[in-house]
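K.L.:
Could you have a look at this structure, given as structure tokens, before my questions?
The values are calculated or read from the model by the stated rules, or taken from the named source; none is laboratory data. None of these values were measured; they are calculated from a predicted model. Glycine gets a Cβ as well: all are built from the backbone with ideal geometry, and neighbour counts include every protein chain shown.
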Amino acid sequence: MDTFEYNANPARVIFGNGTLQRLPDELARLKLSAPLLLSTPQQVDQANALKDVLAGKIAGLFTEATMHTPTSVTEKALAYAKEAGADCVVSIGGGSTIGLGKAISVRTGLPHVCIPTTYAGSEMTPILGETADGRKTTRTDPKILPGTVIYDVDLTMSLPAGLSATSGVNAIAHAVEALYAKNTNPIISLLALEGISALTSSLPAIVEDPLSVPARQKALYGAWLCGTCLGSVGMALHHKLCHALGGSFNLPHAETHTIVLPHALAYNAPAIPDVMERLGAAFGGGDAVKGVNVLLAKLKVKRGLREYGMKEEDIDRAAEIAVSNPYYNPRPVEKEKIRELIRRAWAGEEAR
Ligand code: NAD
């Protein structure tokens, strides 16, 4: 076995159905009494349900969380948190709302309790992406990691089938890249394979029946494991490509991950034969790239970036950005080959 290092991130996790009811006890345990609740405008109902669970004992409710965590929104929320005398933040939502919680927490030192409602995995990471003047920057700091994460399967029942599918593949992508990360290790590999296998079996069941409780339970469990992978080890080509595409061409986050994943994996395949074998098994047996293609077909997701408004003339610039700053990848990153990868993803051609 190769030499490795393993660092566990210190997060406390509460998982199950109806676990939202545990929030008052959790805040009491932490000796916190004035939470500022955070949500997007689309999830005000869930934020109000949270207020009811706390019997109205909150510092305030801020419902303007926005995609890409713009610093202008963070500043507004910070002023509100101060005025309301909040002693902690509780975010209920997907990566966008959790991002706002992280942005407030890292600036103020306020504890952050996270209640995730998608499968994106941000709740398990010490990573924060923020946007200022149209530019997205990402930083990593142990202080960014939320202290408690409450996974309540009931809250995911309303996640639309399409978003469940793409958000779930976003989670799978974290685990795929964790398997060939520069600093991968046996524990993270176990979590990655288990996470991929849980999502590969549950996501098609959710698309068939979004109200299936066993499928929702398994998907959220898989998402937790995959999020842990993202929070523990470095990512490579796939995440670099998605960051470049999302940041520069305003493409939607989870949908971009979904389209790019089979192409990035096909590119890296020749350099990672052992990983491809283990991945093939996790995707249900056989070739791993084929396994992703089959999964995406079952999920009935869009396969071309052009369907989200990316223009053909943007391909060159995307390739340029993707190969700019050198970064770790198991296969050397060659511009012409990356251009062809992006072209295929743009056109919606099958990965190979
Ligand atoms: P999102 O948070 O943007 O949510 C998408 C939409 O779905 C929103 O309108 C939201 O209110 C709604 N929604 C979420 N859960 C719902 C539910 N259960 N029922 C009904 N509607 C629901 O989407 P996302 O994919 O979770 O997050 C994407 C963002 O998170 C991106 O900005 C990405 O960069 C970031 N992210 C960060 C990390 C990290 O580690 N820092 C990891 C993953 C994603």
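K.L.:
Looking only at region 97-111, count every residue that is out of contact with any Cys (no Cβ under 7 Å at 6 or more places or on another chain) and within 17 Å of P10 (Cβ to Cβ) and tell me the total.
P.N.:
Looking only at region 97-111, we keep the residues that are out of contact with any Cys (no Cβ under 7 Å at 6 or more places or on another chain), and these are 97, 99-100, 102-109.
Filter again for within 17 Å of P10 (Cβ to Cβ), leaving 102, 105-106, 109.
Qualifying residue count for the region: 4.
K.L.:
Scan region 61-75 and tell me whether some residue there is more than 14 Å from the ligand (Cβ to nearest atom), modelled with pLDDT under 95 and not acidic (D, E). Before the answer, list the steps.
P.N.:
Of the residues in region 61-75, the ones more than 14 Å from the ligand (Cβ to nearest atom) are 61, 72, 75.
If we keep only those that are modelled with pLDDT under 95 as well, we get none.
Checking region 61-75: not a single residue is more than 14 Å from the ligand (Cβ to nearest atom), modelled with pLDDT under 95 and not acidic (D, E).
K.L.:
Next question, about the same structure. For region 1-25, enumerate the residues that are assigned to a helix (DSSP H, G or I) and aliphatic (A, V, I, L, M). Show your work before the answer.
P.N.:
Filtering region 1-25 for residues assigned to a helix (DSSP H, G or I) gives 19-25.
Selection gives L20, L23.
K.L.:
Just give me the residues in region 320-332 being modelled with pLDDT of 95 or more and buried (at least 17 other Cβ atoms within 10 Å of the Cβ), in sequence order.
P.N.:
N329, P330
K.L.:
Please work out which residue is farthest from the ligand (Cβ to nearest atom), limiting yourself to region 129-155 and to residues that are assigned to a loop (DSSP other than H, G, I, E, B) and among the charged types (D, E, K, R).
P.N.:
Kept after step one, since they are assigned to a loop (DSSP other than H, G, I, E, B), are these residues of region 129-155: 133-134, 141, 145-147.
Narrowing the set further to residues that are among the charged types (D, E, K, R) leaves 133, 141.
On the way: D133: 17, D141: 11 Å.
That would be D133.
K.L.:
Consider only pairs whose beta carbons are under 8 Å apart and that are at least six residues apart or on different chains; among these, list those whose first residue lies in region 35-46 and is on the phi < 0 side of the Ramachandran plot and surrounded by 13 or more Cβ atoms within 10 Å (Cβ to Cβ) and whose second residue is among the hydroxyl-bearing types (S, T, Y) and in a helix (DSSP H, G or I).
P.N.:
Short answer, once both residue conditions are applied: L36/Y80; L38/T97; S39/T97; T40/S96; T40/T97; Q43/T97.
K.L.:
When you scan region 332-347, do you find a residue that is under 25 Å from C226 (Cα atoms), assigned by TED's automatic domain parsing to the domain that holds I206, of a type in the set (V, I, T) and touching a Ser or Thr at 6+ places or on another chain (Cβ under 8 Å), even just one?
P.N.:
no
K.L.:
Is it the case that region 26-34 has a residue that's away from the ligand (no atom under 16 Å from the Cβ), part of a loop (DSSP other than H, G, I, E, B) and not hydrophobic (A, V, I, L, M, F, W, C)? It would help to see each step written out before you state the result.
P.N.:
Let us first name the residues in region 26-34 that are away from the ligand (no atom under 16 Å from the Cβ), namely 26-34.
When the remaining residues are screened for being part of a loop (DSSP other than H, G, I, E, B), the result is 30-34.
Subset that is not hydrophobic (A, V, I, L, M, F, W, C): 31, 33.
Yes: one or more hits.
Yes or no, residue by residue, for (1) more than 12 Å from the ligand (Cβ to nearest atom); (2) more than 11 Å from the chain's Cα centre (by Cα):
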position	(1), (2)
G94	no, no
T97	no, yes
L100	no, yes
V106	no, yes
V113	yes, yes
A120	no, no
M124	no, no
I127	no, no
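Here is a yes/no grid of residues against (1) in a loop (DSSP other than H, G, I, E, B); (2) over 30 Å from D2 (Cβ atoms); (3) among the β-branched types (V, I, T):
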residue	(1), (2), (3)
G280	no, no, no
G286	yes, no, no
N293	no, yes, no
L296	no, yes, no
M310	yes, yes, no
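K.L.:
With the structure loaded, tell me whether E255 is over 22 Å from the mean Cα position of the chain (by Cα), acidic (D, E) and either farther than 23 Å from E208 by Cα or not in a loop (DSSP other than H, G, I, E, B) (or both) or whether it fails that test.
P.N.:
On the way: over 22 Å from the mean Cα position of the chain (by Cα): no; acidic (D, E): yes; either farther than 23 Å from E208 by Cα or not in a loop (DSSP other than H, G, I, E, B) (or both): yes.
Against the criterion (over 22 Å from the mean Cα position of the chain (by Cα), acidic (D, E) and either farther than 23 Å from E208 by Cα or not in a loop (DSSP other than H, G, I, E, B) (or both)), E255 does not qualify.
K.L.:
Yes or no: region 129-139 includes at least one residue that is small (G, A, S) and without any contact (Cβ under 8 Å) to a residue 60 or more places away in the chain. Talk me through it step by step, then tell me what you get.
P.N.:
Of the residues in region 129-139, the ones small (G, A, S) are 129, 132, 134.
With the extra rule that they be without any contact (Cβ under 8 Å) to a residue 60 or more places away in the chain, the set shrinks to 134.
Yes, because at least one residue in region 129-139 is small (G, A, S) and without any contact (Cβ under 8 Å) to a residue 60 or more places away in the chain.
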